[in-house]
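Worksheet for the structure shown next.
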Amino acid sequence: MKKRLLTLLPYAIVLAADHYLLPCLMSDTGIAMVLMLCVMPSITLICSLVYGVRHGFDFLLPVTAMLLFIPTIFIYYNETAWGYVILYGILSIAGNGIGRFFCKKR
């Protein structure tokens, strides 16, 4: 279990940076929409894809992506951002699942 958490840690750091640092760049509505609808979901998908390729499917990664986003709702957004929790979970499951097919450890 400890090894599994250690392999997850770098990806959790990338997801945390995605969720907590990128909102600081939102200076107007246009930039916010690009970040929220394109950049942040893409980073989540790519991070999950890379994790899936390197380590196979792990349901802990989508749960981590979702749990890391929840506090940002109260920090940066409002209650309308709850839908993004589900979006990031689905994107993370999809990326992790797709990456699993290309996993080197079979």
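The helices (runs of 4 or more DSSP H) found wholly in region 28-106 and carrying at least 3 residues that are at pLDDT below 95 and closer than 18 Å to Leu9 by Cα occupy 40-55, 60-75, 82-101.
Remark: pairs (first residue in region 28-39, over 17 Å from Thr80 (Cα atoms) and hydrophobic (A, V, I, L, M, F, W, C); second residue surrounded by 12 or more Cβ atoms within 10 Å (Cβ to Cβ) and modelled with pLDDT of 90 or more; Cβ separation under 8 Å; 6+ apart in sequence or on different chains) = Val39/Leu22. May I ask you to verify whether Asp18 is acidic (Asp, Glu), under 19 Å from Cys103 (Cβ atoms), in contact (Cβ under 8 Å) with a residue 24 or more places away in the chain and crowded, with 18+ Cβ neighbours inside 10 Å? In short, no.
For region 54-93, residues that are of a type in the set (A, V, I, L, M, F, W, C) and closer than 18 Å to Met36 by Cβ total 15. Are any residues in region 10-27 of a type outside the set (A, V, I, L, M) and either part of a loop (DSSP other than H, G, I, E, B) or closer than 17 Å to Met66 by Cα (or both), and if so, which ones? If the condition is that a residue be of a type outside the set (A, V, I, L, M) and either part of a loop (DSSP other than H, G, I, E, B) or closer than 17 Å to Met66 by Cα (or both), then Pro10, Tyr11, Asp18, His19, Tyr20, Pro23, Ser27 are the ones that fit. Contact map, region 82-106: first residue closer than 14 Å to Pro62 by Cα, second residue part of a loop (DSSP other than H, G, I, E, B) and aromatic (Phe, Trp, Tyr), Cβ cut-off under 7 Å, separation 6 or more or different chains; pairs are Asn96/Phe57; Gly97/Phe57; Arg100/Phe57. Filtered by the rule that a residue be surrounded by fewer than 16 Cβ atoms within 10 Å (Cβ to Cβ) and within 17 Å of Pro41 (Cβ to Cβ), region 74-89 gives Thr80, Trp82, Gly83, Ile86. The residue that is nearest to the chain's Cα centre (by Cα), among those in region 36-50 that are surrounded by 17 or more Cβ atoms within 10 Å (Cβ to Cβ) and within 16 Å of Ala17 (Cα to Cα), is Thr44.
Could you tell me whether Met1 is out of contact with any Cys (no Cβ under 7 Å at 6 or more places or on another chain), surrounded by fewer than 19 Cβ atoms within 10 Å (Cβ to Cβ), within 16 Å of Tyr88 (Cβ to Cβ) and modelled with pLDDT under 90?
no
The values are calculated or read from the model by the stated rules, or taken from the named source; none is laboratory data. All values derive from a computational prediction rather than experimental measurement. Methodologically, a virtual Cβ is constructed for each residue, glycine included, from the backbone with ideal geometry; neighbour enumeration extends over all protein chains shown.
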